[in-house]
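Asker: Here it is, the structure in full.
The values are calculated or read from the model by the stated rules, or taken from the named source; none is laboratory data. Computed from a prediction, not measured in an experiment: that's the story for all the values here. Cβ placement follows ideal geometry from the backbone for every residue including glycine, while neighbour counts extend to all protein chains displayed. Areas reflect the complete protein model, heavy atoms only, side chains present, ligands, DNA and RNA absent. Shrake-Rupley method; radii C 1.70, N 1.55, O 1.52, S 1.80 Å.
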Amino acid sequence: ETGVTQSPTHLIKTRGQQVTLRCSSQSGHNTVSWYQQALGQGPQFIFQYYREEENGRGNFPPRFSGLQFPNYSSELNVNALELDDSALYLCAIQGWTGELFFGEGSRLTVL
Amino acid sequence: SQQGEEDPQALSIQEGENATMNCSYKTSINNLQWYRQNSGRGLVHLILIRSNEREKHSGRLRVTLDTSKKSSSLLITASRAADTASYFCATGNTSGTYKYIFGTGTRLKVLA
């Protein structure tokens, strides 16, 4: 039990729509990262937030955006959904020695 | 793009046997971590080894790191059916962003 909660667990959208995924942790860690994991692949880093500011970004277009709130919960927003956005989206908080604690993910299917 | 590549991509062994999986990476790192993922679920942190360490143990897990060869190995001893999962290595760089780059994973199946 990592104490990291993601919602929703599953969702289906159509191309061109927008989606918001949410992440919260019991302990209120100030560093949260989002990863995209396509089927059969390893997680790919989308971006990281530290104290409500974006603190590093992977190779993802601007239609992937995020927010971190004062209580350190976080959102991932994806606009203009494409079929290739279908994936498991993982949120992770960072421990004191650098390890990541992941939520169970949000499974997004784009039709 | 993936930084690391695990080898083999898939591994099937009998319960009680040892499982070894390898990870190679491309750039300089300050630590390397191993994670386990059960099908379709979140990743679970197993062990972290720093760039100045060569070997680390945790229970039935043994990790080695060779920075000159840019490679690491994870050994699971006396495997159990519950060890069936995908295993990923993740490398952390020194930029301060803590942007961890994951490999492609090894799918381990332990037969009872």
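Asker: Rank these by accessible area, largest first, 1.4 Å probe: B:Ile76, B:Ile101. Before the final figure, lay out each step's value.
Answerer: On the way: B:Ile76 5, B:Ile101 45 Å².
Ranking B:Ile76, B:Ile101 by accessible area, largest first, yields B:Ile101, B:Ile76.
Asker: Per residue of B:104-112, count partner chain C-beta atoms within 10 Å of its C-beta, then hand back the mean as an integer.
Answerer: Numbers: counts 3, 5, 0, 1, 0, 0, 0, 0, 0.
What the average comes to for B:104-112 is 1.
Asker: Continuing with this model, one more query. Sort out for me the Cα centre separation of the stretch A:18-34 from the stretch A:65-111, rounded to whole Å.
Answerer: 7 Å
Asker: What is the distance, in nm, between label points placed 7 Å from the Cα along the Cα-to-Cβ direction at A:Ser27 and at A:Arg57?
Answerer: The two pseudo-label positions are separated by 3.0 nm.
Asker: Here's another thing I want to ask about it. Explain nothing, just the number: dipole magnitude of the stretch A:54-111 about its Cα centre with +1 on each Lys and Arg Cβ and -1 on each Asp and Glu Cβ, in debye rounded to the nearest 20.
Answerer: Working: 3 positive and 7 negative charges, 14 e Å.
Dipole of the stretch A:54-111, to the nearest 20 debye: 60 debye.
Asker: How many nm separate the modelled label positions at A:Leu11 and B:Thr27, each set 7 Å beyond the Cα in the direction of the Cβ?
Answerer: Computed distance between label sites A:Leu11 and B:Thr27 equals 3.1 nm.
Asker: Moving on to the next point. Here is the link list: B:Lys26/B:Lys99; B:Lys56/B:Lys99; B:Lys69/B:Lys99; B:Lys70/B:Lys99. Which ones come out longer than 25 Å on Cα distance? Walk me through the numbers before you get to the answer.
Answerer: Working: B:Lys26/B:Lys99 15 Å; B:Lys56/B:Lys99 23 Å; B:Lys69/B:Lys99 22 Å; B:Lys70/B:Lys99 18 Å.
Beyond 25 Å: nothing from the list.
Asker: While we're looking at this one, here's another question. Under a Cβ-only charge scheme (Lys and Arg +1, Asp and Glu -1), can you give me the dipole magnitude of the stretch B:42-112 about the Cα centre, in debye to the nearest 20?
Answerer: Working: 11 positive and 4 negative charges, 14 e Å.
So the dipole magnitude of the stretch B:42-112 works out to roughly 60 debye.
Asker: Hey, another quick one. Subtract the Cα-Cα distance of B:Glu55 and B:Gln9 from 0.36 nm times their separation in residues, and report this length gain in nm to one decimal.
Answerer: Fully extending the segment from B:Glu55 to B:Gln9 adds 14.3 nm.
Asker: Roll a 1.4 Å probe over the protein heavy atoms and report the accessible area of A:Tyr35 in Å², nearest 10.
Answerer: Looks like 0 Å² after rounding.
Asker: If you consider only alpha-carbon coordinates, what radius of gyration and Dmax does chain B have, in Å?
Answerer: 13.4, 44
Asker: So, one more: Please name whichever of B:Thr77, B:His57, B:Gln33 sits farthest to the positive end of the charge dipole of chain B, dipole taken about the Cα centre and charges placed at Cβ: Lys and Arg +1, Asp and Glu -1.
Answerer: The residue sitting farthest along the positive end of the dipole is B:Gln33.
Asker: Work out the length of the dipole vector of chain A about its Cα centre, built from +1 on the beta-carbon of each Lys and Arg and -1 on the beta-carbon of each Asp and Glu, and round it to the nearest 20 debye.
Answerer: On the way: 7 positive and 10 negative charges, 48 e Å.
Dipole magnitude for chain A comes out near 240 debye.
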